[in-house]
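Each value in this text was obtained by applying a stated rule to the coordinates, not by laboratory testing. Since this is a predicted model, take the numbers as computed values, not measurements. With ideal geometry, Cβ positions are generated from the backbone for all residues, glycine too; neighbour counts draw on all protein chains shown.
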């Protein structure tokens, strides 16, 4: 389990005008919500971007430390709203994770190895799922779920029930028979169709004309 610490300050004022002022000061408006209630926050922009980079492609718990001395909370990054032009974060949603209680999360799938079907049988991998919902206790949260494709031949399929899950983790919200990845034969390019021969009567027309 990857765990990150993040220091935040309280946000006393809300609203569009206030939010713009905070952003100019290098602070991102944020909110954490969950069992302990909702709390408006401010997060330092540079600090948050470091956190965001460290969790790319991973599921991670963030321990949020409040400047007012309130007991820290565990959370997961739920949503980041970014400016479409600058790419800068404009608002962050954190979802609280309660210590010791089962939680739902979405974790990425990491495909590992080179499939036999790709290496020796001219096949290609067709990946249907890139992430999956799970349920576990916070301490058992995996950064990702590994999917070993090295033994796959053309025609093989790995379904959700075939995933190897870490201890304490179960699938949540996905059907057992749902395909995760398959190895399929590479499509052959069709040869261009030969030009159709001219009809016999059309070819004979010029010859008949020459006789006249």
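Work out how much length residue 165 to residue 101 would gain on full extension: take 0.36 nm times their residue separation and subtract the Cα-Cα distance, in nm to one decimal.
Numbers: separation 64, 0.36 × 64 = 23.04 nm, distance 1.91 nm.
Difference between extended and current length: 21.1 nm.
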Report task. Can you tell me the 0 to 90 degree angle between the C-alpha axis of helix 200-211 and the longest principal axis of the chain, rounded to 10? Result -> 40 degrees
Report summary line: Rounded to 0.05, the calculated FRET efficiency for the beta carbons of residue 126 and residue 49 at R₀ = 25 Å is 0.15
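Run the helix sum for the chain: -39,500 (n - 2.57) per DSSP H stretch of 4+ residues, divided by residue count, reported at 222 nm to the nearest 500 deg cm²/dmol.
Numbers: 4 runs with 36 residues, N = 212.
One gets -5000 deg cm²/dmol as the mean residue ellipticity at 222 nm.
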Report summary line: FRET efficiency for residue 33 and residue 177 from the Cβ-Cβ distance with R0 = 45 Å, rounded to 0.05, comes out at 0.85
Query raised in the report: Any idea what angle helix 45-54 forms with the longest principal axis of the chain, computed on alpha-carbon atoms, 0 to 90 degrees, nearest 10?
Result: 50 degrees
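Apply 1/(1 + (r/R0)^6) to the Cβ-Cβ distance of residue 12 and residue 56, taking R0 = 25 Å, and write down the FRET efficiency to the nearest 0.05. Walk me through the intermediate numbers first.
On the way: r = 32 Å, r/R0 = 1.27.
Calculated transfer efficiency: 0.20.
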Query raised in the report: For Kirkwood radius over Cα pairs in Å, the choices are [x] 19.8; [y] 21.5; [z] 19.1; which was calculated from the structure?
Result: [y]
Query raised in the report: Could you give the nm distance between label points at residue 71 and residue 153, where each point is 7 Å from its Cα heading toward the beta carbon?
Result: 5.7 nm
Report task. Take the Cα of residue 85, step 7 Å along the line toward its Cβ, and report every residue of segment 47-63 whose backbone nitrogen sits under 13 Å from that point. Result -> none
Query - For peptides 163-171, 104-112, sequence by mean Cβ density within 10 Å, most packed first - result: 104-112, 163-171
**Report entry** Rh (Kirkwood; distinct C-alpha pairs) - segment 103-185, Å
**Finding:** 13.2 Å
